[in-house]
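Participant: Handing you a structure now.
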Amino acid sequence: MKKVLVLGATGALGSCILEALKQQRYLVRATARTPLKAEQLQPSADEVFVCDPTQPDTLSPELLQGVDFVISALGKSLSLKDKSNSTFHGVDFQGNLNVLNLAKAHGRLEKFVYVAAFKGEFFPKVAYFKAHEDFARALLQSGIQATIVKPPALFSAFMELVPFARKGMLASLGPGNSLTNPIHEMEVAEACVNALSQPETTVELGGPVNYTRLELMQLINKRMGHFRLTPQLPYWVAHTALPVLKLFNRSLYEKAHFLVEVTKTDCLAPAKGHLRLEDYLAEHV
């Protein structure tokens, strides 16, 4: 049986990757930053290493010993509940790079699969996208066989908006007329596992339904019982607040900057998923 190391296993996507790997009968090793989080990964993972990829002194060659593949969903959370002061560069780029360097020095990997962001190359000044793209580039130049999986938004990301909708505070940024096709994290997880045995270096995939950003906000508001018109927050308000936010909270600024910029353009990935966001919300909300 082949052994897969999963980075970012405690997140919504990471937990789905663990499930998809077990369904395909892989041996699974996962990382967790604390003993408590390590306990939460059992019995989904066969082995759990407590370490922090952003801290090289917590990593050891044993992490890669006997590992055939790496799948990384490691990244800083976009959730507003995340109060850490880390940056996207520090986690999404440097954390992954630390493990990649360890693999180059001590591992014998057959493949490294990394979950990046669809259309990230079009946003070089947005920290979230830049960190993904910088690591993807380093991975493809590493000499290790690699696949970059690039979805647009995951369904789980919209759960972050539910508390705002519950309070009647969910608004659309700008007119909300740009399009995207979010995808279920389980379908992305399955694509990651399939990539272990496929030759593609890049896999782009989105869900089956195209939504405007405004329609997404309306969908969540209606799920919470709010059927009135969804308010729109003008871009000038967001752009006025961003420089001030950057001075006082770099982490929150990077998240806000991402949310503002990503709503301005269409992000339509090839429709390879089959599950609908409406059904996901009905199940989880």
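Participant: Report the accessible area of LEU259, computed with a 1.4 Å probe over the heavy atoms of all protein chains in place, in Å² rounded to the nearest 10.
Facilitator: For LEU259, the solvent-accessible surface is approximately 80 Å².
Participant: Bins of 5 Å, beginning at zero and ending with the bin holding the largest distance: percent of Cα pairs per bin for segment 69-223, please.
Facilitator: Histogram of Cα-Cα distances, whole percents per bin: 2, 9, 16, 19, 20, 15, 10, 6, 3, 1, 0.
Participant: Something else about it: Between GLU121 and LYS2, what is the spin-label point distance in nm, taking each point 7 Å from the Cα along the Cα→C-beta axis?
Facilitator: Placing both labels 7 Å along Cα→Cβ, they lie 2.6 nm apart.
Participant: Let me ask something else about it. Based on the Kirkwood radius over alpha-carbon pairs, what is the Stokes-Einstein translational diffusion coefficient of segment 185-285 at 4 °C with 1.567 mPa s viscosity, in µm²/s? Mind showing how you got there, number by number?
Facilitator: Details: Rh = 16.6 Å.
Reported coefficient: 78 µm²/s.
Participant: Continuing with the same structure: Please work out how much length the chain gains when fully extended from ASP266 to PHE49, using 0.36 nm per residue of separation minus the C-alpha to C-alpha distance, in nm with one decimal.
Facilitator: Values: separation 217, 0.36 × 217 = 78.12 nm, distance 3.93 nm.
Length difference between fully extended and current span is 74.2 nm.
Participant: While we're on this one: Find the Rg to Rh ratio for the chain, where Rh is the Kirkwood radius over alpha-carbon pairs and Rg uses the same atoms. The partial results should precede the final answer.
Facilitator: Details: Rg = 18.9 Å, Rh = 19.5 Å.
Reported Rg/Rh, Kirkwood definition of Rh: 0.97.
Participant: Determine the alpha carbon to alpha carbon distance for each of LYS3/LYS104; LYS37/LYS76; LYS104/LYS125; LYS130/LYS167; LYS22/LYS111 and list only those over 26 Å. Present the calculation step by step, with values, prior to reporting the outcome.
Facilitator: Working: LYS3/LYS104 17 Å; LYS37/LYS76 16 Å; LYS104/LYS125 29 Å; LYS130/LYS167 33 Å; LYS22/LYS111 18 Å.
Over 26 Å apart, Cα to Cα: LYS104/LYS125; LYS130/LYS167.
Participant: Quick check for you: with a 1.4 Å probe and neighbouring chains kept, what is the accessible area per residue of the chain, in Å²? Please list the in-between numbers first.
Facilitator: Values: 13740 Å² over 285 residues.
Roughly 48 Å² per residue, with all protein chains present.
Participant: What value, in deg cm²/dmol to 500, does the helix sum -39500 (n - 2.57) over DSSP H runs of n ≥ 4 give at 222 nm once divided by the residues of the chain?
Facilitator: Details: 10 runs with 105 residues, N = 285.
Estimated from H runs of four or more residues: -11000 deg cm²/dmol.
Participant: I've got another one for you. Any chance you could tell me what percent of the C-alpha pair distances in segment 1-126 go past 27 Å? Before the final figure, lay out the partial values.
Facilitator: Values: 1138 of 7875 pairs.
I get 14 percent for the Cα pairs in segment 1-126 exceeding 27 Å.
Participant: Next question. Find, among the trypsin sites (Lys or Arg not before Pro) in segment 172-268, those assigned to loop by DSSP (not H, G, I, E, B) with at most 16 other beta-carbon atoms within 10 angstrom.
Facilitator: Here the trypsin sites (Lys or Arg not before Pro) that fit, given the DSSP loop and packing criteria, are ARG228, LYS264.
Participant: Can I ask one more? Could you compute the net charge surrounding PHE135? Neighbours are other residues with a C-beta less than 15 Å from the C-beta of PHE135; K and R count +1, D and E count -1.
Facilitator: Numbers: positive: LYS76, LYS104, LYS130, ARG137, LYS150; negative: ASP92, GLU121, GLU133, ASP134.
Charge balance in the 15 Å sphere: +1.
Participant: While we're looking at this one, here's another question. Check each of the chymotrypsin sites (Phe, Trp or Tyr not before Pro) in segment 202-285 and keep only those in coil by DSSP with at most 16 other C-beta atoms within 10 angstrom; list them in order. Mind dumping the intermediate values first?
Facilitator: Details: sites: TYR211, PHE227, TYR235, TRP236, PHE248, TYR253, PHE258, TYR280; in loops: PHE227.
Sites meeting the loop and neighbour criteria: PHE227.
The values are calculated or read from the model by the stated rules, or taken from the named source; none is laboratory data. Note that the structure is predicted; figures quoted are calculated from it, not measured. Counting neighbours? That spans all protein chains shown, and the Cβs are built from the backbone with ideal geometry, glycine included. Heavy atoms of the whole protein, side chains included, go into the accessibility calculation; ligands, DNA and RNA do not. Shrake-Rupley method; radii C 1.70, N 1.55, O 1.52, S 1.80 Å.
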